[in-house]
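Chemist: Dumping the structure here so I can ask a few things about it.
The values are calculated or read from the model by the stated rules, or taken from the named source; none is laboratory data. Only a predicted model underlies this, so the values are computations on that prediction, with no experimental measurement involved. Using ideal geometry, Cβ is built from the backbone for each residue, glycine included, and neighbour counts are taken over all protein chains shown. Please note that ligands, DNA and RNA were not included when accessible areas were found on the heavy atoms of the full protein model with its side chains. Shrake-Rupley method; radii C 1.70, N 1.55, O 1.52, S 1.80 Å.
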Amino acid sequence: MISDRHAPPQQSYGTAYEQMLEKVRYEGAYPTREKADEAVRLVLAGLGRQLTGDERVDLAACLPVEAARVLTAQIPDTRPLTGWAFVKDLAARTGASLATTRWDTGSVFSAVAAHAAPDLITRILGQLPTGYALLFGRAELTPAA
């Protein structure tokens, strides 16, 4: 099949999702939009297994429709994972290295944070076990003893 390199891609996404993919592609230095899309789908599905309640609903409302569908299609896990266990779980599901999976997670969470208000990210981090703040590019704050 001959394709026109100026023609739009066969898979049609909304503009907001296209912009999200471009941000992830740029942040993660992915060679193609397809690689960025794979990372977005993997990480958002994992986050969908961790996030519950109002934070899940509010985050889905902020994201492009395609990303929100990936997030909300997941049934939340009964035992939440720490940030490091989250990365290890995603790596085990894909067979990718821990370093690659950590990179994917940071790249996608950076794009997620660009769509959500800072106070929503703070609420999400308050709901999740320790270790997610660094994945979102924030300092991990521990309460004073």
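Chemist: Translational D (Stokes-Einstein, µm²/s) of region 78-121 at 10 °C and 1.306 mPa s when Rh comes from the Kirkwood sum over C-alpha pairs? Kindly include the intermediate steps, with their values, before the conclusion.
Modeler: Working: Rh = 11.4 Å.
Reported coefficient: 140 µm²/s.
Chemist: Now for a different question. Which order do the peptides 23-30, 122-129 come out in when sorted by mean C-beta neighbours inside 10 angstrom, highest first?
Modeler: Values: 23-30: 18.5, 122-129: 16.9.
Top to bottom by mean Cβ count within 10 Å: 23-30, 122-129.
Chemist: Okay, moving on. Per residue, how large is the accessible surface of the chain? Use a 1.4 angstrom probe and give square angstrom.
Modeler: On the way: 8320 Å² over 145 residues.
Solvent-accessible surface per residue comes out at 57 Å².
Chemist: Region 62-145: percent of C-alpha pairs farther apart than 15 Å?
Modeler: 64 percent
Chemist: Sticking with this one: To the nearest 20 debye, what charge dipole does region 51-145 have about its Cα centre, counting +1 at the Cβ of each Lys and Arg and -1 at the Cβ of each Asp and Glu? Present the calculation step by step, with values, prior to reporting the outcome.
Modeler: On the way: 8 positive and 9 negative charges, 46 e Å.
Rounded to the nearest 20 debye, it is 220 debye.
Chemist: For every other residue with a beta carbon closer than 14 angstrom to the beta carbon of Leu90, add +1 if it is Lys or Arg and -1 if Asp or Glu, then tell me the sum.
Modeler: Result for the local shell: +1.
Chemist: From the helices alone, meaning DSSP H stretches of at least four residues, give me the mean residue ellipticity at 222 nm for the chain, per-run term -39500 (n - 2.57), in deg cm²/dmol to the nearest 500.
Modeler: On the way: 8 runs with 92 residues, N = 145.
Rounded to the nearest 500, the figure is -19500 deg cm²/dmol.
Chemist: Okay, moving on. Can you tell me what the convex hull of the Cα atoms of the chain projects to on average, as an area in nm²? Present the calculation step by step, with values, prior to reporting the outcome.
Modeler: Values: hull surface 40.0 nm².
Taking the Cα atoms of the chain, their convex hull projects to 10.0 nm² on average.
Chemist: Let me ask something else. Please give, to one decimal in nm, the separation of the simple spin-label points placed at Ala99 and Val57, each 7 Å out from Cα toward the Cβ.
Modeler: Those two pseudo-labels are separated by 4.3 nm.
Chemist: Another question about this same structure. Can you give me the % of accessible surface on region 30-145 that is carbon or sulfur? Probe 1.4 Å, all protein chains present, nothing else counted.
Modeler: C and S fraction of accessible area: 59 percent.
Chemist: Right, another one. Let's test the formula: R0 of 22 Å, r as the Cβ-Cβ distance of Ile75 and Gln127. What FRET efficiency results, to the nearest 0.05?
Modeler: Once the sixth-power term is evaluated, E becomes 0.85.
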